[in-house]
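Engineer: Here you go, one structure.
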Amino acid sequence: MSIFSKVADSTDLVNGMAQRLGVDVATDIANSPDAAAKKLRQRVILCSSCSDQKGCAELQANTTHLDHAPDYCMNKQALEREAHKG
């Protein structure tokens, strides 16, 4: 797999997990584009080093809502913190 494919897949997984947890990425980007881009980049980098991207993709393919990210998610704490703020 090329690095570009890995980054694209990781971006999809991060956005998908955020969506399933109820994180409003679009509003975050609209309110603070530079900070949101930095946050997304950090999350994609973490995700790209995950050893269970296949499991994550399967989970997301079969689930529209999650109360918690799976324990193996490298972005679990950050995404859950963001999902439960407000």
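Engineer: Residues of the range 27-37 being more than 13 Å from the chain's Cα centre (by Cα) and either under 19 Å from Y72 (Cα atoms) or surrounded by 11 or more Cβ atoms within 10 Å (Cβ to Cβ) (or both), which ones?
Structural biologist: Answer for the range 27-37, where residues must be more than 13 Å from the chain's Cα centre (by Cα) and either under 19 Å from Y72 (Cα atoms) or surrounded by 11 or more Cβ atoms within 10 Å (Cβ to Cβ) (or both): D28, I29, S32, A35.
Engineer: Quick check: anything in the range 54-72 touching a Phe, Trp or Tyr at 6+ places or on another chain (Cβ under 8 Å) and either at pLDDT 95 or above or over 18 Å from A8 (Cβ atoms) (or both)?
Structural biologist: Yes, the conditions are met somewhere in the range 54-72.
Engineer: In the range 49-86, what residues are among the β-branched types (V, I, T) and either touching an Asp or Glu at 6+ places or on another chain (Cβ under 7 Å) or surrounded by fewer than 10 Cβ atoms within 10 Å (Cβ to Cβ) (or both)?
Structural biologist: Scanning the range 49-86 gives a single hit, T64.
The values are calculated or read from the model by the stated rules, or taken from the named source; none is laboratory data. Since we're looking at a predicted model, the values are computed, not measured. When we count neighbours, we look across all protein chains shown, and the Cβ atoms used for this are built from the backbone with ideal geometry, even at glycine.
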